[in-house]
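Heads up, the thing below is written out as structure tokens.
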Amino acid sequence: MTMIVEAALEKLKEGNTRFVKGQMQHPNQKPEYVKELVKGQRPFVCILTCSDSRVVPELIFDAGVGDVFCIRNAGNITDPHVLGSIQYAVEYLDVPVVLVLGHTHCGAIAAAISKKKVEGMLCSVLDSLEPVICATPKGDEHYHDCVVNNAKRGVEDIMNSIPSCKERIRSKKLAVQAAIYRIEDGVVDFL
């Protein structure tokens, strides 16, 4: 990895440590900084995560306005729109890190495991999670393993769908990483 990629990953880890310790710095949030963003954005990370209101990347990584190119949907699912947004972040914003961030206590994963009967557009969310649920061996940690495997599947989908990601990883200009946010204590476990 290049120093830029390593620095971006370290920035995420340090920000999460500050969040967990309650020592947040709230960077890049002053009005004068926000005005500077009119000229353009330079996020240091693209994060695909769940829409869950308890999972707020800018807070859990103690990041500021313009730092995170964030894509959110129930279950942090990769679909063509999400993949296109990630491709934009990689190719046009030159982010050095793409993070697929799953989380504990994910309602979408729990609903998909339970095979609860739902109607309407919610069916597409649960249908998208079904392959991960079916591919994850059943056992004492089935739910947790499904959360982890869903984040890992997101990384695989990115790698298999966006050729520029493979190229940038080979040239050490990009890291595509899975992680799990533990709602119970605020810690992010990088996988």
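The values are calculated or read from the model by the stated rules, or taken from the named source; none is laboratory data. Everything quoted here is computed from the prediction, not taken from an experiment. Please note: Cβ atoms are built from the backbone with ideal geometry, for glycine as well, and neighbour counts cover all protein chains shown. Keep in mind that these areas ignore ligands, DNA and RNA; they rest on the heavy atoms of the full protein, side chains included. Shrake-Rupley method; radii C 1.70, N 1.55, O 1.52, S 1.80 Å.
Using just the C-alpha positions of segment 35-135 as equal point scatterers, what log10 of I(q)/I(0) does the Debye formula give at each q in 0.17, 0.22 1/Å?
Log10 of I(q)/I(0), two decimals: -0.81, -1.14.
For Ile71, list long-range residues whose amide hydrogen, built 1.01 Å from N in the peptide plane, is under 5 Å from its own amide hydrogen.
The list, which skips near neighbours in sequence, is Ile47, Leu48, Thr49.
Taking a threshold of 32 Å on the Cα-Cα distance, which of the pairs Lys115/Lys152; Lys30/Lys152; Lys13/Lys166; Lys11/Lys117 fall above it?
Long pairs (Cα-Cα over 32 Å): Lys30/Lys152; Lys11/Lys117.
Could you please state how large a percent of the accessible area of the chain is carbon and sulfur, counting protein chains only and using a 1.4 Å probe?
Carbon and sulfur together cover 55 percent of it.
I need the Kirkwood Rh of segment 89-144: take the reciprocal of the average 1/r across all distinct C-alpha pairs and report it in angstrom.
Computed over segment 89-144, the radius equals 13.4 Å.
Keeping every protein chain present and rolling a 1.4 Å probe, give me the accessible area per residue for the chain in Å².
Normalised by residue count, the accessible surface of the chain is 53 Å².
Are there chymotrypsin sites (Phe, Trp or Tyr not before Pro) in segment 1-94 that DSSP marks as loop and that have at most 13 other Cβ atoms within 10 Å, and which are they?
Sparse-neighbourhood loop chymotrypsin sites (Phe, Trp or Tyr not before Pro): Tyr92.
Contour minus end-to-end for Val118 and Glu167, with contour as 0.36 nm per residue of separation and end-to-end as the Cα-Cα distance?
13.6 nm
What is the percent of Cα-Cα separations in the chain that go past 21 Å?
Roughly 51 percent, rounded to a whole number.
Please give the calculated 222 nm ellipticity per residue for the chain, where each DSSP H segment of at least 4 residues contributes -39500 (n - 2.57) and the sum is spread over every residue; nearest 500 deg cm²/dmol?
Counting only the DSSP helices, I get -14500 deg cm²/dmol.
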